[in-house]
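Below is one structure, written out as structure tokens; comments come after it.
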Amino acid sequence: MIIDGFVHQLPDTDPSETREWLDSLDAVVDAHGKTRARFLMSKLLERARELQVGSPATVSTPYVNTIPREQEPWFPGDEDLERRIRAYIRWNAAVMVIKANKHAEGIGGHLSTFASSAALYDVGFNWFFRGKEDGLAGDALYIQGHAAPGTYARAYLEGRITEEQLDGFRQETDGTGLSSYPHPRLMPDFWEYPTVSMGLGPLNSIYHARFLRYLHNRKIDDTSGSRVWCFVGDGEVDEPETLGALSLPVREQLDNLVWVVNCNLQRLDGPVRGNGKIIQELEAIFRGAGWNVIKVIWGGKWDELLMKDRDGVLLNKMNTTVDGEFQRYAVESGAYIREHFFGPDPRLRKMVEHLSDDELRTLPRGGHDYRKLYSAYKAATEQTGAPTVILAKTIKGWTLGPDVEGRNATHQIKKMTVDQLRVLRERLYLQEVIPEDALADGKEPPYIRFQEGSIEHGYLMDRRKALDGSLPSRVVRTKRAIAMPEDKPFAEVLAGSGKQEVSTTMAFTRLLRNLCRDPKLGHRVVPIIPDEARTFGMDALFKEFKIYAAQGQVYEPVDAQLLLSYTEAKDGQILEEGITEAGSMASFIAAATSYAHRGVPMLPFFTFYSMFGFQRVGDFIWSANDSRARGFLLGATAGRTTLLGEGLQHQDGHSLILASAHPTVEAWDPAFAYEMATIIRHGIREMLVDERDVIHYLTLYNENYVMPPMPEGVESGIIQGLYRWAEAPDGPRHRATILFSGTAQGAARAGQAELADRWDVGADLWSATSYKRLREEALAAERWNRLHPTEPPRTPLVTQLLGAGEGGPVVAVTDFMKAVPDQVARWVRQPFVPLGTDGFGRSDTREKLRQFFEIDMPHVVVGTLWALAQQGEVKAETVAEAIAHYDIDPERTDPRQFDL
Ligand SMILES: Cc1ncc(C[n+]2csc(CCOP(=O)(O)OP(=O)(O)O)c2C)c(N)n1
Ligand SMILES: [Mg+2]
């Protein structure tokens, strides 16, 4: 076998001894079979590990619990009491979904997910998850999004949520209901981490744990007492984001990270791996990556059977039964299990002859065995040097009765009949709590709660008190605030570039360096870059601020002798993430929400290749909005023609449109360095002083031109999204208005000069820094007018600024799609002509690309003349003359056409 080919390259110092060992193995297989041989091999490996022989780690172990019964610790709590509390939580979680769907048909919700994972959460809440009341910020909990009813149900028992709120599950527009899933944007005092878009929570949790170390190693916050717990669905692991960053926490030894994978063997449609075994598959992946893996497969009653398993037949059956069959056993009778699982082999059948059918049916899975879970969690918290994953086997819909448990449709069941509720009541031993008449037809099933002063209530509250308070809980309690930076970092950039030609990217890098040096705020700036620093000229920051590396720099870099060498350090400030925009976004979110989860505001600047931002990791950005992130996203190499040469997959002409869909993203397209610096200063003020949970997205270009100094009095114009940059020259007969943004300033300025020189048109130049902002202001004015029909109407800002026509028709030129300026077209009273870069990019020179996309000077001129022709100001023949003059082929193919 190729996989073992390496052995032949190792020196064999004693071939006859080797032969003896191999012969012994052959003899065992012949005499006692493969099961025995496997056992001996496992024993040898165990001994090798004990002797620290350093043999390669095995990636999979048999289908049994990782922690044997004899190594289980003593359980310090009262299991019966906890089971009773859990029964109440289970009941309320089901009832809130059922009631919501009774009162608001089609409102949705999930019963089965939490039913499968109730014990996984409870053991954590009762014994492990640390709250925030000790002032050290506690643990971070990433809860499976659609298990939210369970979290609400516990909060209800703790008195943190009222019955009315439970009744308002998924009915939140009146402001009192509970959100469907964990959404800090909607329930900012409760939820901390949005998780329901599958895969994002797991990836975020890794970078969160890493960011805690970053804060600690940089001596910004003591995070040694905090752990990150992430609950993951076994179906969710198919999202590439879920398993995409497993090696990072191993490399960085993040023993502050614990994942719990709820292996109920089912996803939405059916089995996760009907023909295989998801737990085994995951074990191999996690072990291979270097995680500490704890499998919790079987409940305690199986231990007795395993002890009787002298021939290994039970183990063999466990190993060879696929998940599709296990799911079947979950829905079948004890007789069926006896027949099919234990039946075929007489030794197995004998092993369970003392058990009744009912006992066989209810032999529990590990994920429903509280002691097994306690052991696993305890081991996870004692692990050092590596992250832990607990793979817990459960039944989807557990305790919800035979119509729901393990059924393929279980995920989407949200209603239960009175009879089904009775079954649930019996399963949870709640008969005396919920009398028969409470379940009568037509009655509302009740929520149940422990009286204050009862033993159960006391226990529940005491456990949380011992663990520093209830969770989840989102509090913004600033421990160490940061002040606005001084003016100095900005001054250099606002002053312009003199005679030097620079890009907005270069100016930004300069500003970022200055901000990092700022005495008040510098330490809290977090520059984040996915392997693109050299592209943006940010490699200049490596030496001064250093790249964060958990283990420091253990080698001498190849460029050590250079002034700007590649410098890694344990307290490095820069997060150079490698090629992962998703991971960088996860770091961004961790840093941008640090003001809340740690009470320590940080200021992240995540700079990326603009094409790989909103397009590639849009869902992460969406979740950053939900998380109430505060930070800056910089789309560098922006524009469809400015980034010459790169072509279709790189030239970004649409991120501003994608950004326009994000409610709490401010999207900016600055043309000049002083605009960029003004916007960033404004953004910092919003985040630090006004405490607004907002993300600012700025495009940065790589075209060099002289950056003018900031003119007097334009600051508010920059921030409102549009300001007059240059007056029309005196003299020409016709008037027009040209709006530009970003690098389109070049074509606009050249167009202005040409229009005046050759076509008798004087054009004002305006810089449109944010069409999104203008549009939102206009929408607000329009809405006000719609709802106040008898009052004098408000005029949108963009309409006011561009006037009632005295400035002539409006041409808007951009290196982005026409849809970007079109955002305000409705509110411009005069003819409006957008010039933009619709269609796929191509590789070529800037000049040719701008000609191709019809956004260069000649097209600005033709566009302006055509707009004037619409108004009867110039003749159509003049437009045709200009087209001919600039050698534009009117029959040329539309750059948007790709279906030829
Ligand atoms: C990105 C994404 N795709 C699809 C969904 C819809 N969805 C919600 S739950 C679910 C099934 C989840 O299965 P699993 O992860 O096994 O969780 P379980 O409910 O079994 O614990 C799906 C497909 C989603 N929430 N997010
Ligand atoms: Mg599942």
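At-a-glance table
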{"item": "Some residue of region 220-232 being under 29 Å from PRO527 (Cβ atoms), surrounded by 19 or more Cβ atoms within 10 Å (Cβ to Cβ), within 16 Å of ligand 2 (Cβ to nearest atom) and under 13 Å from the mean Cα position of the chain (by Cα)", "result": "yes"}
{"item": "From SER375, SER356, residue being open to solvent by less than 30 Å² (accessible area, probe 1.4 Å), out of contact with any helix residue (DSSP H, G or I) (no Cβ under 6 Å at 6 or more places or on another chain) and either at pLDDT 95 or above or within 16 Å of ligand 2 (Cβ to nearest atom) (or both)", "result": "SER375"}
{"item": "Residue count for region 667-713, restricted to those that are within 24 Å of the chain's Cα centre (by Cα), among the charged types (D, E, K, R) and open to solvent by less than 50 Å² (accessible area, probe 1.4 Å)", "result": "2"}
{"item": "Matching helices (runs of 4 or more DSSP H) fully within region 613-711 where at least 1 residues are more than 26 Å from GLY839 (Cα to Cα)", "result": "614-626, 673-688"}
{"item": "Leading residue by the ranking (most open to solvent (accessible area, probe 1.4 Å)) among those in region 276-308 that are more than 16 Å from ligand 2 (Cβ to nearest atom) and in a loop (DSSP other than H, G, I, E, B)", "result": "GLY290"}
{"item": "Test: residue in region 164-180 that is within 16 Å of ligand 1 (Cβ to nearest atom) and of a type in the set (D, E, K, R)", "result": "yes"}
{"item": "Residue in region 407-415 that is assigned to a loop (DSSP other than H, G, I, E, B), open to solvent by less than 20 Å² (accessible area, probe 1.4 Å), in contact with a Leu (Cβ under 8 Å, 6 or more places away or on another chain) and not aromatic (Phe, Trp, Tyr) present", "result": "no"}
{"item": "Selection count, region 566-594, where residues are open to solvent by less than 10 Å² (accessible area, probe 1.4 Å) and either in a helix (DSSP H, G or I) or charged (D, E, K, R) (or both)", "result": "10"}
{"item": "Some residue of region 114-130 being out of contact with any Asp or Glu (no Cβ under 6 Å at 6 or more places or on another chain), without any contact (Cβ under 8 Å) to a residue 40 or more places away in the chain and within 16 Å of ligand 2 (Cβ to nearest atom)", "result": "yes"}
{"item": "ARG474 being in a loop (DSSP other than H, G, I, E, B), open to solvent by 80 Å² or more (accessible area, probe 1.4 Å) and not acidic (Asp, Glu)", "result": "no"}
{"item": "Per-region count, region 341-350, residues open to solvent by 40 Å² or more (accessible area, probe 1.4 Å) and in contact (Cβ under 8 Å) with a residue 12 or more places away in the chain", "result": "1"}
{"item": "Subset of region 759-769 (residues that are more than 15 Å from HIS859 (Cβ to Cβ) and either in contact with a helix residue (DSSP H, G or I) (Cβ under 8 Å, 6 or more places away or on another chain) or not in a loop (DSSP other than H, G, I, E, B) (or both))", "result": "GLY762, ASP764, LEU765, TRP766, SER767, ALA768, THR769"}
{"item": "Within region 237-262, considering residues that are within 14 Å of ligand 2 (Cβ to nearest atom) and touching a Gly at 6+ places or on another chain (Cβ under 7 Å), the one nearest to ILE143 (Cα to Cα)", "result": "ASN262"}
{"item": "Yes/no for ALA819 being in contact with a Pro (Cβ under 7 Å, 6 or more places away or on another chain) and at negative phi", "result": "no"}
{"item": "Those residues of region 173-200 which are in contact with a His (Cβ under 9 Å, 6 or more places away or on another chain) and within 16 Å of ILE107 (Cβ to Cβ), in sequence order", "result": "SER180, TYR181, VAL196"}
{"item": "Members of region 510-535 found to be under 23 Å from GLY639 (Cβ atoms) and open to solvent by 10 Å² or more (accessible area, probe 1.4 Å), listed by number", "result": "ARG510, ASP531, GLU532, ARG534, THR535"}
{"item": "Region 169-188, residues that are of a type in the set (A, V, I, L, M, F, W, C) and either more than 19 Å from the chain's Cα centre (by Cα) or within 16 Å of ligand 2 (Cβ to nearest atom) (or both)", "result": "PHE169, LEU178"}
{"item": "Where LEU849 falls short, out of the listed (1) under 24 Å from GLU646 (Cβ atoms); (2) buried (at least 19 other Cβ atoms within 10 Å of the Cβ); (3) touching a helix residue (DSSP H, G or I) at 6+ places or on another chain (Cβ under 7 Å)", "result": "(3)"}
{"item": "Test: residue in region 223-236 that is within 16 Å of ligand 1 (Cβ to nearest atom) and part of a helix (DSSP H, G or I)", "result": "yes"}
{"item": "Residue count, region 309-335 (criterion: open to solvent by 50 Å² or more (accessible area, probe 1.4 Å) and among the hydroxyl-bearing types (Ser, Thr, Tyr))", "result": "2"}
{"item": "Meets criteria (among the aliphatic types (A, V, I, L, M), touching a residue at least 60 places away in the same chain (Cβ under 8 Å) and within 11 Å of ligand 1 (Cβ to nearest atom)) for ALA137", "result": "no"}
{"item": "Residue that is nearest to the chain's Cα centre (by Cα) [pool: residues in region 86-114 that are within 16 Å of GLY177 (Cα to Cα) and within 13 Å of ligand 1 (Cβ to nearest atom)]", "result": "GLY109"}
{"item": "Hits in region 243-265 - residues which are more than 9 Å from ligand 1 (Cβ to nearest atom) and of a type in the set (S, T, N, Q)", "result": "SER247, GLN253, ASN256"}
{"item": "Of residues in region 189-198 being in contact with a strand residue (DSSP E or B) (Cβ under 9 Å, 6 or more places away or on another chain) and within 16 Å of ligand 2 (Cβ to nearest atom), the one nearest to LEU178 (Cα to Cα)", "result": "THR195"}
{"item": "Subset of region 785-824 (residues that are under 25 Å from SER610 (Cβ atoms), open to solvent by 10 Å² or more (accessible area, probe 1.4 Å) and of a type outside the set (Lys, Arg))", "result": "MET817, ALA819, ASP822, GLN823"}
{"item": "Among the residues listed as LEU391, LEU373, LEU363, LEU348, the single one being hydrophobic (A, V, I, L, M, F, W, C), away from ligand 1 (no atom under 16 Å from the Cβ) and within 18 Å of LYS295 (Cβ to Cβ)", "result": "LEU363"}
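Each row is one residue, and each column tells you yes or no for (1) under 25 Å from ASP403 (Cα atoms); (2) open to solvent by less than 10 Å² (accessible area, probe 1.4 Å).
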position	(1), (2)
HIS110	yes, no
ASP134	no, no
GLU158	no, no
ARG170	yes, no
THR173	no, no
LEU186	no, no
VAL196	no, no
LEU200	no, yes
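The values are calculated or read from the model by the stated rules, or taken from the named source; none is laboratory data. A quick note: this is a predicted structure, and the numbers were derived from the prediction, not measured. Counting neighbours? That spans all protein chains shown, and the Cβs are built from the backbone with ideal geometry, glycine included. Surface accessibility is based on the protein's heavy atoms, side chains included, excluding ligands, DNA and RNA. Shrake-Rupley method; radii C 1.70, N 1.55, O 1.52, S 1.80 Å.
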